[in-house]
Amino acid sequence: MCTLKKVLFTVTLFVSCQFLFGQEKYMANWESLSQYKCPEWFRDAKFGIYTHWGVYSVPETASDWYGHNMYSKKHPNYDSHKQTYGDQKQFGYKDLVPLFKAPKFDADEWADLFVEAGARFAGPAGEHADGFSMWDSKVNTWNSVDKGPKRDIVSELEKAIRKRGLKYVVSLHHSWLWGWFPTWDESTDCAAIENASLYGEKLPKTAWSTKETKGYYKVNPMPSASFEHVWLEKVKEVVDGYSPDLLWFDNRIQILSEEVRQEMMAYAYNAAAKKEQEFVLTFKRPDFPLGTGTVDLERNRMPKIYPEPWLTDTSISKQKWIWHKDLKCYPTNNLIDDLVDIVSKNGNLLLNVAPHPNGAIPEDQKQRLREMGKWLKINGEAIYESRPWLIYGEGPTETKTGHLADMKFDGFGDEDIRFTTRDGQLYAIALGWPESGILPIKSLSSTTYNGKIEKIELIGSQSKIAFKQTLDALEIQLPEIKPCKHAFVFKIQSK
């Protein structure tokens, strides 16, 4: 024991001396950055919430790509913008900023809802692709304190969320700003020099293009040194000013130079280390090398158990990330099933919520979040602090893989089952309630499961659960009354 204490004291002294004499723990190279270790709080948390809400929310009929799409003549937003606001040269994206006033935004109300939903980490989109910072930025005059709502959204949410014991998240999408607006097009307000601080520097036409009705990008030329400098300074402002526990990055960061990407990660990791903060940085492949941060998948999931913790970001709506008049939300059952599936594969779910432009979270979204929270209150022991079992599950439904694959996924069926463990306890989570009244679990048959099952509990139910273990499956007799409306958790006790 004394030897162990000496080792721990030596390590602590070494780290302290590094900071005392100005030596950083992380250097700006991939080998040093691969020291990153995902903290236990993230492994335990499983469920988080973030929001897509900003200037792009104002039109109410579009998407978070509105700033790009409204200038593309092949996109419906081009004509709808003209009809609603006027010609793009007279009324551009910058003119939507004064309309983003957020009179009903209440950070405490949002945070209370996130807690009620059962989230363990939460936060806003700090800056999307449109170049509008939702904090008191010193390098960007187009920010929520100087313009629009005249409030520091990132700060207000940081205080409210931390006050309730949740970890704080900020998402950053601002690498997309390079070429987001058609600064070469003299028929729009984007080409005017006086608007360059929002729209960016003037680029050749080849830097911005469209295909059918969807925007895509030819990154030519690559970002300038001045763009990279401002991009990095924005990250530093968020890290220094708000100390997020999780810093989330959208894709397309690979357009930035390797040196800038390395400098950003080293800065964020060292800042967290100096505060003794257990910090998570997530990224989408291939923006950073594996092992230098935590992998995030957009509307997508791992097909099986992944050895390291990972994250899925998806939205409460199948179609959109932001609120609009015709927004349709996923049924609560789908959201809970997705959470269970992701957790069984060693992942976390980051669920996007789409507030109204005025800052209120609509009732249909509140309802789904509260229903998720109600389910987690009953069944959370199989989710929070859980770890994967030997296999993630069984059943006929195969989840699709690939970027945005979940948009083509219709959900799970009655035969799909997922497994988790916690402190040595095995949980089988049925994603349906078979009409036959018998739930067969093939993975726990007497021929496949190396253990004798002694007792089964259905979490939330007072009924005694009958079962038999056959050569083909563990057959569970379902009680007459369901303990909840959605996924059903069976606690399997065995020798």
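Every number in this text was worked out from the coordinates using simple rules, so none of it is lab data. Just so you know, these numbers come straight off a predicted model, no measurement behind them. Glycine also receives a Cβ, built like all others from the backbone with ideal geometry; neighbour counts cover every protein chain displayed.
List of remarks:
- Available extension along the chain between LYS101 and ASP414 is 108.1 nm, counting 0.36 nm per residue and deducting the alpha carbon span.
- By the rule of a C-alpha distance below 25 Å, with chain neighbours fewer than 8 residues away ignored, the lysines paired with LYS82 are LYS73, LYS74, LYS94, LYS101, LYS147, LYS202, LYS205, LYS211, LYS214, LYS320, LYS325.
- Prolate is the label for region 393-494. Its Cα gyration tensor axes, ordered a ≥ b ≥ c, give a/c of at least 1.5 and a/b above b/c.
- Look at the Cα gyration tensor of region 84-148: its axes a ≥ b ≥ c give a/c of at least 1.5 with a/b over b/c, and that counts as prolate.
- In region 421-492, trypsin sites (Lys or Arg not before Pro) in a DSSP loop with at most 12 other beta-carbon atoms within 10 Å: LYS452, LYS464
- Proximal lysines relative to LYS495, as straight alpha-carbon distance under 20 Å, when same-chain residues fewer than 8 apart are discounted: LYS442, LYS452, LYS455, LYS464, LYS468
- Efficiency of FRET between SER257 and GLU398 - r from beta-carbon atoms, R0 35 angstrom, step 0.05: 0.35
- Listed candidates [x] 133, 45, 40; [y] 67, 64, 43; [z] 75, 63, 39 - label of the one calculated as Cα extents along the principal axes in Å: [z]
- The calculated FRET efficiency for LYS377 paired with ASP87, based on their beta-carbon distance and R0 = 56 Å, is about 0.60.
- Derived scalar couplings ³J(HN,Hα) [region 321-331; Karplus, 6.51 cos²θ - 1.76 cosθ + 1.60; whole Hz; x for Gly, Pro]: 9, 10, 6, 8, 4, 10, 5, 10, 8, 4, x
- Separation in nanometres of the label points that stand 7 Å from Cα toward Cβ, at SER226 and LEU471: 7.8 nm
- Here is how the number arises for the chain: DSSP H runs of 4 or more residues each give -39500 (n - 2.57), the sum is divided by the residue count, and the result at 222 nm is -8000 deg cm²/dmol.
- Förster radius 41 Å - calculated FRET efficiency between ASP326 and GLU278 (Cβ-Cβ, nearest 0.05): 0.50
- Of the trypsin sites (Lys or Arg not before Pro) in region 75-134, the ones in a loop by DSSP (not H, G, I, E or B) with at most 16 other beta carbons within 10 Å are LYS89, LYS101, LYS104.
- Length gained when the stretch TRP41-ASN29 is fully extended (0.36 nm per residue, less Cα-Cα span): 1.7 nm
- Mean separation of Cα contacts under 8 Å, 6 or more apart, over the residue count of the chain: relative contact order %: 15 percent
- Taking label positions 7 Å along the Cα-Cβ direction at both ASP108 and TYR306, the computed distance is 3.8 nm, reported to one decimal.
- Reachable lysines, given that their alpha-carbon falls under 19 Å from the alpha-carbon of LYS275 and they are not under 8 places away in the same chain: LYS25, LYS37, LYS159, LYS163, LYS167, LYS236
- Backbone HN-Hα couplings from phi across region 484-489 [Karplus 6.51/-1.76/1.60, Hz, Gly and Pro as x]: 7, 8, 10, 3, 10, 9
- Per-residue HN-Hα couplings for region 404-421 [Karplus 6.51, -1.76, 1.60; θ = phi - 60°; Hz; x = Gly/Pro]: 6, 4, 5, 5, 10, 9, 9, x, 9, x, 5, 8, 8, 9, 10, 10, 9, 9
- Amide proton proximity set for LEU426, modelled H, under 5 Å, gap of 5+: ILE492
- Chain lengthening between SER446 and VAL139 when straightened (0.36 nm per residue, less Cα-Cα): 104.1 nm
- Spin-label pair LYS236-SER80: with each label point 7 Å from Cα along the Cα-Cβ axis, the two points sit 4.0 nm from one another.
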